[in-house]
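S.K.: Sending over a structure as C-alpha cells; questions will come in a sec.
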Amino acid sequence: MSFPLPVIDLSPWFNRKNSSRDELESTSRKIHDACLRYGFFYLKLQGFATEEEMEELANLGREFFHLEQIKKDEIRLANENGARGYQRLKENVTMGKADNHEGIDFYKPVAQPDKTKPLWGTNQWTKHVPEFREKFEAWIQKMKALGLIVMEA
C-alpha cells in the first residue's frame with residue numbers, strides 16, 4: 001500500500017506579516033503531521049522560488065553535464081575532500097552499488113576550510129558555464145533560508 005506524500009503550501013510563512021496566527025499554525029501542523037506520518041513532504045514554493053528560476057538552474061546544470069569530460073573533471077571530487085565537486089558516471093556508490101548517473105555536489109561554505117575533515121572543503125566551480133557559480137551560490141543561500149523557514153514553522 002502506498003500513500004501520496006503531502007504537498008504543503010508554505011506561503012503563510014513566506015509572508016508572515018500578512019498571515020494570521022491561525023494560518024501559520026495550520027501550516028506548522030501540516031509539517032508536523034507529515035513528518036510523523038510519512039517522514040517526508042513536498043513544499044509548494046510559490047512566493048519564494050519561481051519556475052523560471054528553477055528552470056534556469058536546470059539549464060545551467062544541463063550545460064555543465066554536456067561539457068567535454070576533461071572540462072567536467074577539472075572540478076572532480078578528488079580535488080577536494082571527496083565530497084564537493086563532480087562525480088563521473090558510476091563514481092558514486094549507494095549501498096555497495098555504483099549509481100548510474102553523474103553528479104555535482106555543493107555544500108554550505110565553511111569559514112576555515114580543512115580538506116582533512118569530512119564536508120569541510122570548498123565548493124568547486126566550473127569556469128566553462130557562464131553564471132554557473134553566481135546562480136548556484138544564490139540558490140544555495142535561498143535554500144538555506146528555506147530550511148530555516150521550515151525549521152521555524
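The values are calculated or read from the model by the stated rules, or taken from the named source; none is laboratory data. Small disclaimer: the values here were computed from a predicted structure and weren't measured. All Cβ positions, even for glycine, are placed from backbone atoms using ideal geometry, and neighbour counts span all protein chains on display. Surface accessibility is based on the protein's heavy atoms, side chains included, excluding ligands, DNA and RNA. Shrake-Rupley method; radii C 1.70, N 1.55, O 1.52, S 1.80 Å.
S.K.: Mind checking which residues of region 1-31 are among the aromatic types (Phe, Trp, Tyr) and not in a helix (DSSP H, G or I)?
M.R.: 3
S.K.: Being under 14 Å from residue 146 (Cα atoms) and touching a Gly at 6+ places or on another chain (Cβ under 6 Å), is that true of even one residue in region 10-17?
M.R.: Yes.
S.K.: What are the pairs, 6+ residues apart or on separate chains, where a residue within region 32-43 that is free of Cβ contacts under 8 Å to residues at least 40 places away in the same chain and under 13 Å from residue 9 (Cα atoms) has its Cβ under 6 Å from a residue that is open to solvent by 70 Å² or more (accessible area, probe 1.4 Å) and not polar (S, T, N, Q)?
M.R.: 42/7
S.K.: So which of 79, 59, 18 ends up being within 16 Å of residue 130 (Cβ to Cβ) and of a type in the set (S, T, N, Q)?
M.R.: One residue alone meets the criteria, 59.
S.K.: Restricting attention to region 144-153, does a residue exist that is part of a loop (DSSP other than H, G, I, E, B), in contact (Cβ under 8 Å) with a residue 60 or more places away in the chain and not aromatic (Phe, Trp, Tyr)?
M.R.: yes
S.K.: Of the numbered conditions (1) surrounded by fewer than 16 Cβ atoms within 10 Å (Cβ to Cβ); (2) within 20 Å of residue 142 (Cβ to Cβ); (3) touching a residue at least 12 places away in the same chain (Cβ under 8 Å), residue 8 satisfies every one except a single condition; which is it?
M.R.: It is condition (1) that residue 8 fails.
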